[in-house]
Amino acid sequence: MEIPLYQIDAFTSRVFGGNPAAVCPLATWLPAETMQAIAAENNLSETAFFVKEGGDYELRWFTPATEVDLCGHATLATAALIFERLAPGSAQVRFRTRSGPLEVSRDGELLIMDFPARPASPIKRSAAVVEALGAEPTELLAAPRDHLAVFEDERAVRALAPDFRALAALERKGMIVTAPGEDSDFVSRFFAPAVGIAEDPVTGSAHCTLTPYWSKRLGKRRLSARQLSARGGELVCEDRGARVAIMGRTAFYLEGTIRL
């Protein structure tokens, strides 16, 4: 069996930037354990698999360790592949996912994802979180999937060197850390060792939580964002109430074939 494989850098306009995602178009679904094995072999933060169903596409995402219910950068990469190679000339693509329907449209080189908002609520700062991060945030909030830890400035976010084993033991799967940006509205980093990702280069799904927080705090709907990983990434976000728009660019890096 041969399966096409593409590697696409998301939330960047250049290769070696943003977040690399593997994308595998399928004629029919493979067993979940096979897709998980492929994701582990790829050893990227996400591998996306999709199957065309009528005019839409069913889409699933796997980290090296587990299947997840939402992933932004691999959705952006999948949409880029469809727009550029599989359905050139189309202006919009619709995915069916575990998080409901997701749409991606394009405006020139900019891809615009329509995602569900995942707002966070304030909780008490805990000793376990402070110990895991190695620093005390000014605010701690909790969303359905992730913690959101807010720091005073960009320098504090850059300086974090968390204890990944301690982070993996926390009750939520991911840890978003954020602060006001120096040349953007806000910055962030994202850690998810519990699902096999120590630090994710650029995390679209985290901005489902970051966007409503910063929109309310700054009093503006459209926001510029930067993720402060080693590779770095740039996003534009828009608060649409129950939904958020997450915008970015992509760069094709690799095309090949998996043989099973």
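Where a number appears in this text, it was derived from the coordinates with a stated rule and is not lab data. As the structure is a prediction and not an experimental result, all values here were calculated from the model. With ideal geometry, Cβ positions are generated from the backbone for all residues, glycine too; neighbour counts draw on all protein chains shown.
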>> Based on Cα coordinates alone, diagonalise the gyration tensor for the stretch 121-241, multiply each eigenvalue by 5, take square roots, and list the semi-axes in whole Å, largest first.
In response: 21, 15, 14
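Please report the relative contact order for the chain, taking Cα pairs under 8 Å with a sequence separation of at least 6, and give it as a percent rounded to a whole number.
Details: 633 pairs, mean separation 59.9, N = 260.
It rounds to 23 percent for the chain.
Based on DSSP H runs of at least 4 residues, each adding -39500 (n - 2.57), what is the mean residue ellipticity at 222 nm of the chain after dividing by all its residues, to the nearest 500 deg cm²/dmol?
Details: 6 runs with 51 residues, N = 260.
Value at 222 nm, helices only, nearest 500: -5500 deg cm²/dmol.
As a test of understanding, state the convex hull volume per residue of the chain from its alpha carbons, in Å³.
Values: hull volume 30.3 nm³, N = 260.
Dividing the Cα hull volume of the chain by its residue count gives 116 Å³.
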>> Just want to confirm a number: the relative contact order over the stretch 72-147, from Cα pairs under 8 angstrom separated by 6+ residues, in percent.
In response: 19
>> So, R0 is 22 Å and r is the distance between the beta-carbons of residue 15 and residue 110; what FRET efficiency does that work out to, to 0.05?
In response: 0.80
> For the peptides 76-82, 136-142, what is the packing order when you average, over each peptide's residues, the other Cβ atoms within 10 Å and list the highest mean first?
Replying inline: 76-82, 136-142
> Fewest to most neighbouring Cβ within 10 Å: what's the order for 207, 147?
Replying inline: 147, 207
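Which percent, to the nearest 5, of DSSP beta bridges fully inside the stretch 121-241 are antiparallel?
Numbers: 21 of 29 bridges.
The answer is about 70 percent antiparallel.
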